[in-house]
Amino acid sequence: MKKSSNQRSKKNTNHPQTRNGRSGARMNQTSKSRSAKPAAPKPKPVKTKKSPAAASSEHTQVIQWYPGHMTKTKRRIEKDLKLVDAVAEIIDARIPISSRNPDIARLTTGKPRIVLLNKCDMADPRTTAQWVSFLSRENVRAIPVDCKSGRGVDRFVPVLTEMLSERIESYKAKGMVNPSMRVMIVGIPNVGKSTFINRISKKTKANAADRPGVTRGNQWFTVSKGFEMLDTPGVLWPKFDDQTVGEHLAFTGAIKSEVMDTELLAIRLLDLLKELRTSEFEERYKLSEDDFTLPSYELLEKIARNRGMLISGGEADSERAAYTLLDEFRAAKLGRITLEKP
Ligand code: G4P
């Protein structure tokens, strides 16, 4: 069994830049991916062998995401940032590059930042460990967490305390007794911000009125003695004009399937799964050695047939198989797979 991940040659986790514009997401089909800016590092697709299967890679879709309300959100985050001592950024451990909004690093410059590699229960543990050490070399404290079960979440406060020890001491030196550190949680949609907040929340909210200068309506809650969080996380939409980033967000469900051609997306995912070749993938769909040499669209039909998904006349229901494949990938039923390596 081979478990590989996409390779990134540069040690830079910035996103490719993108356009800004009107709201909504749009998907087009095209025979070629959108060209990328040369300077911007981006996740690279898993290299496929020169086999008939490579033909399916020709059929890609350009996923474009136009976040219309980004400016307003960014302004709010910038305002609230003045009130916090640190930022907790939540990213998806399966796609640590694509699930980071490039604005977060810029907006939070100068603030101590902790990165939570969430959904680590669905990511390849070895690659998650590589991400933790990669980020530590960049002076970012990273903790793998599974907010659904709570695994790893108990490390959050101790790591924050260590990170902010100098700041806490300086407040004490200024005469503050038991200074309270404020932390803002940020991340793209669906990354698990609410799940994290629900898990750490002790449901003891302070009133916004107690906090001079706090954006009206903002609520704080105590996580642990000496730590408070804003209860509304800073939500930033993913930004990209790179095809791989868009696909990775779509594979993991960060972008909803309704805006995409599901069969094309499944075919692109199969291009990767054929290379990664986890035992779960092989066994779940009862795939033979020969099946791995099929072009991905034929493999999708094979999966449909193996699963008894047929339409009238005995034809394979590839659309149903595409939905199933994506659902099962998103639920980690095809193995713990990380699509992006440091
Ligand atoms: P958001 O606030 O950032 O938008 O994300 P949210 O917490 O709503 O989480 C999005 C989805 O991700 C939810 O699933 C949630 O259960 C799931 N999730 C969050 N953290 C983890 C994790 O560490 N591991 C796993 N496996 N899943 C996680 P959902 O299907 O949309 O909702 P639900 O049916 O689980 O309630």
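The values are calculated or read from the model by the stated rules, or taken from the named source; none is laboratory data. None of these values were measured; they are calculated from a predicted model. For neighbour counting, all protein chains shown are included, and Cβ atoms are generated from backbone atoms with ideal geometry for every residue, glycine included.
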_Being among the basic types (Lys, Arg), at pLDDT below 85, outside any strand (DSSP E or B) and over 24 Å from Arg151 (Cα atoms) narrows it down to one residue among Lys172, Lys239; which is it?_
Lys239
*Check the range 312-323 and report whether any residue there is at pLDDT 95 or above and of a type in the set (S, T, N, Q).*
yes
*Got a number for residues in the range 102-132 being assigned to a loop (DSSP other than H, G, I, E, B) and in contact with a strand residue (DSSP E or B) (Cβ under 8 Å, 6 or more places away or on another chain)?*
7
*asked:* So Thr108 passes all but one of these: (1) buried (at least 17 other Cβ atoms within 10 Å of the Cβ); (2) of a type in the set (S, T, N, Q); (3) within 16 Å of the ligand (Cβ to nearest atom). Which condition number does it fail?
replied: (3)
*Every residue from the range 137-161 that is more than 13 Å from the ligand (Cβ to nearest atom), out of contact with any strand residue (DSSP E or B) (no Cβ under 7 Å at 6 or more places or on another chain) and in a helix (DSSP H, G or I)*: Arg137, Asp154, Pro158, Thr161
*Going by the conditions given, is Gly187 touching a residue at least 40 places away in the same chain (Cβ under 8 Å), within 16 Å of the ligand (Cβ to nearest atom), crowded, with 17+ Cβ neighbours inside 10 Å and small (Gly, Ala, Ser)?*
yes
